[in-house]
Amino acid sequence: MLVLGIETSCDETAAAVVKDGRFILSNVVASQIDLHRKYGGVVPEIASRKHIEVIIPVIIQTLNEAQITMDDISGIAVTRGPGLVGSLLVGLSVAKAIAFMKDKPIVGVNHLEGHIASVFLGDTYPDFPFIALVVSGGHTSIYHVGGFQNFKILGQTRDDAAGEAFDKAAKLMNIGYPGGVAIDRLSKKGNKNWIQFPRAMKESLDFSFSGLKTSLLHCIKKRERPFSDDEMKDVAASYQEAIVDVLVDKTFRAARLLSVSSIVVCGGVASNSRLRERFVETSAIAGIDVFMPSAVFCTDNGAMIAVVGNHMLEKGQRDNFDMNAFSRWPL
Ligand code: KG4
Ligand code: ZN
């Protein structure tokens with residue numbers, strides 16, 4: 001089974017061909033990061049216009065790299081939501097056009113389920129059930145995953161997502177975009193105990209990161225002189241540690257509460273080096289297996305969408321041409 005996965009929910013125009021829901025024949029990602037950098041965040045109107053420009057070349061390159069033609073694919077999986085509606089509609093329209101033209105089945109995929117399924121692209125992956133922490137620019141949630149299309153939310157952010165907390169802090173500190181990558185890089189040489197930033201909602205599986213961001217803002221405002229370069233490293237490391245602490249604590253707590261022995265960590269923030277280090281360390285202490293997709297599959301890509309699509313198509317699921325985009329998944 002060869003599935004063409006298409007992903008345009010945010011600022012990556014991505015497509016991939018995946019065989020039997022596991023093996024990648026090609027995976028092409030055109031990132032718009034440079035385009036949005038000067039605004040310090042994704043500008044939806046610019047994102048959707050860029051998707052229109054590059055989606056066809058990205059799909060052609062994906063098929064060429066897989067050394068197949070559109071006639072060879074078994075079906076198409078396309079991100080339907082959650083995401084930026086204008087961006088999602090570009091992927092959906094092109095996917096529907098290909099499905100119509102080539103008479104192929106099409107399914108609309110939940111982007112978050114795609115992130116969770118990215119774990120199946122690795123050499124090792126867990127059996128169901130497992131606990132999944134999805135940490136991206138738009139989402140921070142913990143799920144109990146019983147199987148494909150069978151996940152139950154256990155906790156989620158009440159305000160900012162973890163990626164958003166990284167991005168907003170990097171903007172306040174003026175250290176580059178995307179914020180998570182900039183803070184990760186600076187933190188490597190910083191002292192993580194330099195400032196004790198708040199860890200919110202300790203007793204719950206829900207998250208809150210807006211107080212953390214405000215605390216950083218106060219910290220910057222009350223200073224008489226700007227932070228030196230070395231102090232910036234310490235601030236970054238301390239701030240990152242506060243985010244990582246709560247993500248690790250709550251995910252392991254969820255696994256213990258539900259007596260589940262495997263954890264999957266996925267989404268853009270899952271490429272954070274300190275987060276990965278802490279999950280590995282805690283896994284050994286807690287005796288709970290942790291699976292993290294490689295960094296390329298943590299950020300948005302078409303392969304993860306194809307993995308979910310493969311499962312849906314195998315089950316005989318089909319979507320119609322009136323399928324619409326969702327900014328929030330209707331669950
Ligand atoms: O999953 P993703 O590519 O897009 C969304 O669905 O949101 O995640 C993007 C987010 C951004 O907030 C970015 O700052 C964050 O992932 N990110 C990181 C790192 N790399 C990307 N956050 C922390 N450390 C990183 N190394
Ligand atoms: Zn994502």
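The values are calculated or read from the model by the stated rules, or taken from the named source; none is laboratory data. Everything quoted here is computed from the prediction, not taken from an experiment. A quick note on method: Cβ atoms are made from the backbone with ideal geometry, for glycine too, and the neighbour counts reach across all protein chains shown. Just the protein is used for accessible areas: all its heavy atoms, side chains included, with ligands, DNA and RNA removed. Shrake-Rupley method; radii C 1.70, N 1.55, O 1.52, S 1.80 Å.
Per DSSP H run of n ≥ 4, the term is -39500 (n - 2.57); total these for the chain, divide by its residue number, and report the mean residue ellipticity at 222 nm rounded to 500 deg cm²/dmol.
-14000 deg cm²/dmol
Angle between the Cα long axis of helix 229-257 and the longest principal axis of the chain, 0 to 90 degrees, nearest 10?
Long axis of 229-257 versus the principal axis of the chain: about 60 degrees.
Quick one: if you stick a label point 7 Å off each Cα along the C-beta vector at residue 46 and residue 153, how many nm between them?
3.0
With a 1.4 Å probe and every protein chain kept in, tell me what percent of the accessible surface of the chain is carbon plus sulfur.
Values: 7500 of 14560 Å².
Reported share for carbon and sulfur atoms: 52 percent.
Which FRET efficiency value, to the nearest 0.05, is calculated for residue 93 and residue 249 with the Förster distance at 56 angstrom and r the Cβ-Cβ distance?
In this case the efficiency is close to 0.85.
Could you give the angle, 0 to 90 degrees to the nearest 10, between helix 162-173's Cα long axis and the longest principal axis of the Cα atoms of the chain?
For helix 162-173, the angle is close to 50 degrees.
Placing +1 at every Lys and Arg Cβ and -1 at every Asp and Glu Cβ, with all other atoms neutral, what dipole size does the chain have around its Cα centre, in debye to the nearest 20?
800
Can you sort 69, 13 by solvent-accessible area, 1.4 Å probe, largest first?
69, 13
Quote to one decimal, in nm, the extra length available between residue 327 and residue 314 on full extension: 0.36 nm per residue of separation minus the C-alpha distance between them.
Taking residue 327 through residue 314 to full extension adds about 2.0 nm, to one decimal.
So with the 1.4 Å probe, I'd like the accessible area per residue for segment 126-292, rounded to whole Å².
Result: 45 Å² of accessible area for each residue.
Of the chymotrypsin sites (Phe, Trp or Tyr not before Pro) in segment 26-122, which ones lie in a loop per DSSP and count no more than 12 other C-beta atoms within 10 Å?
39
Tell me the label-point distance for the pair residue 35, residue 19, using the 7 Å Cα-to-Cβ offset, in nm and rounded to one decimal.
About 3.3 nm separates the two model spin labels.
Taking GluC sites (Glu not before Pro) as candidate sites, keep only those in a DSSP loop with at most 14 other Cβ atoms within 10 Å, then name the longest stretch of the chain containing none of them.
1-202
Express as a percent, rounded to the nearest 5, the fraction of DSSP beta bridges in the chain (both residues included) that run antiparallel. Display every interim value, and only then the final one.
Working: 26 of 43 bridges.
Of those bridges, close to 60 percent are antiparallel.
Report the label-to-label distance for residue 72 and residue 222 in nanometres (one decimal), using points 7 Å from each Cα along the Cα→Cβ vector.
According to this spin-label approximation, the distance is 6.2 nm.
Mark the label point 7 Å from the Cα of residue 172 along Cα→Cβ and return the residues of segment 236-256 whose backbone N is within less than 19 Å of it.
236-247, by backbone N distance to the label point.
With unit charges on the beta carbons (Lys and Arg positive, Asp and Glu negative) and the dipole taken about the Cα centre of the chain, which residue among 105, 193, 251 sits farthest to the positive side?
Highest projection toward the positive end goes to 193.
If you fit an axis through the alpha-carbon atoms of helix 44-66 and take the longest principal axis of the Cα set of the chain, what angle between them do you get, 0 to 90°, nearest 10?
The two axes meet at around 60 degrees.
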